[in-house]
1. Tell me, what is the FRET efficiency for A:Glu7 and C:Leu2 to the nearest 0.05, using R0 = 25 angstrom and their Cβ-Cβ distance as r?
2. Rounded, prolate or oblate, given the Cα gyration tensor of region D:8-72, with a/c below 1.5 counting as rounded?
3. Can you pull the mean other chain C-beta count within 10 Å for peptide F:131-144?
4. If you count, for each residue, the other Cβ atoms within 10 Å and average over each peptide, how do F:33-45, A:62-74 line up from highest to lowest?
5. Work out the FRET efficiency for D:Gln31 and B:Gln197 from their Cβ-Cβ distance, taking R0 = 22 Å, and round it to the nearest 0.05.
6. How far is helix E:453-468 tilted off the main Cα axis of chain E, in degrees rounded to 10, range 0 to 90?
7. Given q = 0.12, 0.15, 0.19 Å⁻¹, what are the Debye log10 I(q)/I(0) values for region B:278-483, with equal point scatterers placed on the Cα positions and solvent ignored?
8. Under a point spin-label approximation (7 Å from Cα along Cα-to-Cβ), what is the D:Leu16-E:Leu404 distance to one decimal in nm?
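The values are calculated or read from the model by the stated rules, or taken from the named source; none is laboratory data. In this text, all values refer to a predicted model and were calculated from it rather than measured experimentally. Note that we place each Cβ from the backbone using ideal geometry, even for glycine, and neighbour counts take in every protein chain shown. Heads up: the accessible areas ignore ligands, DNA and RNA and are worked out on the full protein's heavy atoms, side chains in. Shrake-Rupley method; radii C 1.70, N 1.55, O 1.52, S 1.80 Å.
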Amino acid sequence: MSMEILERLYGNIYYLTSVILFVIGFHTMLTHRNLIKKLMALNIMDTAIFLFFVAIGYRQGGQAPILLPGVTSFVNPVPSALILTGIVISVSFTAFALALVVLLYKHYGTLDSDEIIAIRGKKHV
Amino acid sequence: MFSLTHAPILMVVILLTAAFIVPLLRKHLLVAKALFLGAGLLVTILSFLVAWNVLENGTMVYNVGGWAAPHGIALVVDAFAAYVSLVISVISLVIFWFAVFAPREVKHEVGYYALILLLTAAMHGIVMAGDIFNLFVFVEISSLAAVAIIAVKGTKESIEASFRYLILSALGSGGLLFSIALLFMVTGHLNMDLMRQTLEVTAGQYPLNVLTALAFMVVGLGVKSALFPLHIWLPDAHANAPTASSALLSGLVVKVYIVALMRIAYMTLGMELFYLLPIRQILLVMASLAIVAGSVFAIVQDNIKRLLAFSTVAQVGYIFLGFSLLSARAVEGAVWHILIHAIMKTLLFLAVGVVIHQSGYKKISQLHGLGRRMPLTFACITLGALSMVGIPGTAGFISKLYLALGALDAGQAIFAVLILLSSLLSAVYYFPLIITAYFGHDASPTVVEPSLAVQLPLVVLAIAVLFYGLMPSILLPLVRQTALLITR
Amino acid sequence: MLQAVNILLLVFLVVCAVVVARTKDLLSAVIIFGAYSMVMSIIWQQLHSPDIAITEAAIGAGATSLLFLAAISRTRRHEE
Amino acid sequence: MKKVLPVLVLAAIGMLLVLTVAEMPTFGDGQAPAHRGVMDKYLRDSAQDTGAINTIAAIILDYRAYDTLGEATVLFVAVLAVSAALYQGEHHA
Amino acid sequence: MFMFLQTPVLAVIIPMVLFAVIYLVERRSWRLRNALAVLAPLISFLLLLGSYPQVIAGERVFIEFPAILPPLGMSFSIDYLSLLVGLVVSFVWLLVTIYATEYMVKEHAKNRYYPFSTLTLAGTMGVILSGDLFTFFLFFELMSLSAYVLIVHEETPEAMRAGYKYLVLTIAGGLALFFATIAVFEIAGTVSFAPGGFIAEVSGLAIMAFYAFLIGFGIKAGIVPLHVWLPEAHPVAPSPASALLSGVMLKTGAYGMIRVVFNVFGYEGIRGAGLDNSMLVLAAITIFLGSAVAISQEDIKRRLAYSSVGQMGYILLGIGLLQERALIGAIFHIFAHAVMKSSLFLAAGAVIHKTGKRRISEWNGLGQEMTVTMLVFTVAALSMVGIPPLVGFVSKWELALGSLDAGNWGFVLLLLLSSMMNFIYYFPLIQNTLFGKQQAAEGQASNSPELPWKMLAPMVVLALIIVLIDLFPQNPALDLAKRAAGALFLGVH
Amino acid sequence: MWLFWQFRRLCTKVNTMHDMVLEVVNRLLLPFIQLFGMYILFHGHLSPGGGFSGGAVIGASLILYSLTFRFARVKHRLDHDTSVFFEAAGALIYVAIGFVGLFFGYNFLTNRGVFPLGVPGQLWSSGMILIITLALGAKVSGTILSLFQELLEGGSDEHGNP
């Protein structure tokens, strides 16, 4: 039973890797207090999802979906098309988040999320 | 007569085009403002026409690029979409007006207008999307623009709040994308209708996939729509944004994600599947907790905008509650509440913004006697607050009525009691606002009313509060059809 | 053989992700992150999706890293 | 508590995900459901329909051009957001 | 459109319109404002009087607006009960408003009192003339909320505190009513008052609804565990407002209870489910505690307020006994207590207005100075105690007969005990004021008239009613009460 | 590779003295990078690549250029209005192409039937895809450059201090 699951997991190793990357990214995101590090973790999570998506599109023996003569078997082009959008969205988010990081550093003088909350909390009280 | 065939896409594209042009007009502010308002007005007219058309002729489907559903992207304007985009266009037009005429709060004015336009366009895009990835793209636009219209204020607090919002929002997007990937994996389609048809066959084969996809989707959109306990970003973000942004965010944006979730639920999965899974129970519990927790947190706030923000958490709970109770009337109540809460919360945020700007007071305890100094503004606030409490005769009563009736219909009297309990709690936190303003000593004789142009949106919304409180029948057909779509 | 290379690449990916998380020096972390993106794009090339491989190389590894570098140059380099 | 909670959450998510992975259609399977949907027409007709032999370009810029418009808009939002957030006032323009 | 022009609708709408009109004109002319404020209850009163023959002839007026607020809709009706209560309410309101035009001269923010008094009137008339539970609930909320403005009128810290307590409790009560209303709608599919009730089977939800009604109305009527707002709110309000609150608004709770018991559930259903017992227990506690606590109160308005609590217990008792004669007593007591308690509050208000003396111990010998006022007070107080020819006796008599019909001697004893206590807290007061010595006669200029006629006349009219109405060959109020009770019991009309 | 140099530059923060080696190597390298970017861009419908990747490569080369020569040649960074203009122009061309379809009675963003599709496989083919690719390429390169510059210098005062 468990052997079978392991075999399936091995067969789906791309999926498994992307899931692992996702969890690593999420863990980094939750436990690290540095804002830039958080953003890197976010990017890792995003690329993990992209990897997952690309892996969905793969077909055994398929070629790149460029309709050149003589090629008959292609990988699924749809995930690729979607991921293209995903990558651009991800970089947009990162850019804006980094701009906010720069501003936060300007205002608070630190990149530590806990410290920022502490500074803000002090002002509130 | 101009054909309405293209109206759905035009609503999005007009706003987008205006948004692309407006930031170029930094030197011609007047033109920019005119364009900003004109686009809003045009889209409002279009959305009325579309809503009327949907009522008359049924669901509109628009194939972008001329490619029919499985391969191209379809816009599906059913009753729900028409209704919500009507709400969005009308409320956002009011907010546009306010943003143009209210005192300046942001440095980069044309950029701010463009961001608001983009946000509105994205909201229309979300509610009309018939393709799940298209929905995702517009969710991303709106998330980014929503964060941006907080950050433009430029204060320490707003930057901090918007950063937190951005991070959580990005996490939510990740969840959404992941769930789309999982759904695509088991269906091979992106069109929501076709996904549902395929899922009816394959869901049984990959139950865990569908469940995981659903979980990620609920969490992803739940973060964005501030479903308890994922609401932690909301109070800071909404309280520290510029006035018009707060109104837009609290009034519309949060709800659009709920609409997106519901549309995915009934278009992609089918309600049977959606509620076969334990998601419904979880949503019910979360919504109840949201209602209670939002209200309780709101009670202890002294900062008015934070109070309003926490109240939004509770009100989002209402909407989720209505949708997950799933009796016809409860869904109608939730659909009503989308409109009514948009009206009330926009009214309150705008009016409170006016008060804060005119007086400089941000706390309830400072408002002494302002009711006499700013009679019109405070009359509007009073109406809004009464409506939030759900006093009969105001719009807020209607949605509570339908929600409570729906809870009883669903055989869950406890939720009716919960709704009423939260009404009581909202009375506890909204009435001090009014009482402090009207009774007691007069503390600030120098405060005056703002100009009439600033007050116009408030008055319009206040009239809307009264109007829907007394004559809800006018939108009832649309609401009924929406509920039919969902409970079908 | 090719399968082994692919698996090696995947393992490298995971290692990169962990190292990004563990590195205190943000600048190094960014470089490792760039390497991670590069490896990711190679993997995608292996999966016969050259379009996104190129895009990831240009945007994920190039532009994103540059943006990170710019932000770090404006703030501070070490995670405290 | 602050250390334990993320680990628990992640363990739960990881568990769920790994089980899901075990259930998924096999990687690279040409008959997986993902390939039974929209894919065929794209690969068959895209050259005639759009004139582009790169199917992906055909998809993103013709079949799903609306998405790409959204994507371009995201970039636009990002630039606008960044410049509006970092904007310092008129003198700096 | 023609539907709007019928008596019950007009009697509600006109005060509402006048509310807006007063709000608009009050800054220009205080005379017009006062005149309009008096006009509102007068019009309502005359309209109801106009429909008296029709109703007596056995015809029930009923108007329905199903399109407003779907799915429940709104409706208005006049039957014996609502006619009687409506007449009493508008008449007392009229007198109190006339009194107020003089009394309020000394007060600040007059421009707030009159419009909101008119709005409260609109709400109260709406409550009484409503044809279904939902309409009832809507106007109940309107009345409760606009009354808040009257309570906090003086804006002292005590008033604000009492007002806040009132507000929270009244909203809680309103929500309980709301829940009960929609629960009834859920059970029966209708909320229209029907003779004999329309809930066929008293299910679990129905029992919940009943207790929600009891809570909602109990808060308004000041039934004992829920009365906490009442002794605080009534004293702090200006005296005319107290008279309205105690004399009129409390009755809407009792009125609602009658409607619920007889026109929603049906008394057989109530009895079958044993729900009457809870009413009786609450009534007994209310009567006893209300009267007992009143004895210890030093502030005159607080004493009167607690007395009101006790009197509301009578009415609840009359309802809970589910006997025709007891119900006659309860309905008649709505009338009797409205008249008595308003005249008491008006008289107390006159004293406070003139001398500023709120404490009972300061009232010694006031009778010499304010003879007419104290005579009115005396008559009303004696009537409260239940001295035979006066109006208060009639209701107690009917209540006692009803208790006997129910075979329950205990309640007769309770009524006697309560009368005794009433006697204990009113009699020394009367004795001291009429015959006692004034503590410190500072030689006030007593050649000025005792009070302006606008304040005296309403009190005197009320006192005359107290004395004379039972001496009529046929007591019109008792007649209407009998018809109403008969109709409610027979399930007709 | 150039990324690595940037890394070193930022590490050492030697901003004031421009590095001769860096400049020369860059001058040699830049045309190739840009040519490569152009290739990716123009062949988007024929081979892997397209507006986004090509635009990103060109944008990166522009960043490199502006970084290397900032203190020698390029006094001012990309003007704020100009960058917004690039952005808006790209997007507006996109929308305008969409409207062309509407104008000819087709749906929004229609390609087939509105634009000449040409012969698949040739450079000048595929109708609006090519136009949009070029517009996107210009837009994305501008985006990347202006994002980078905003991040590096935006929000600072006249003298470039943060």
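1. Here the calculated transfer efficiency is 0.80.
2. It is oblate, given that a/c is not under 1.5 and a/b is not larger than b/c.
3. Rounded to a whole number, the mean comes out at 4.
4. The densest-packed peptide leads the list: F:33-45, A:62-74.
5. 0.70
6. Around 60 degrees separate the two axes.
7. -0.59, -0.87, -1.25
8. 7.4 nm
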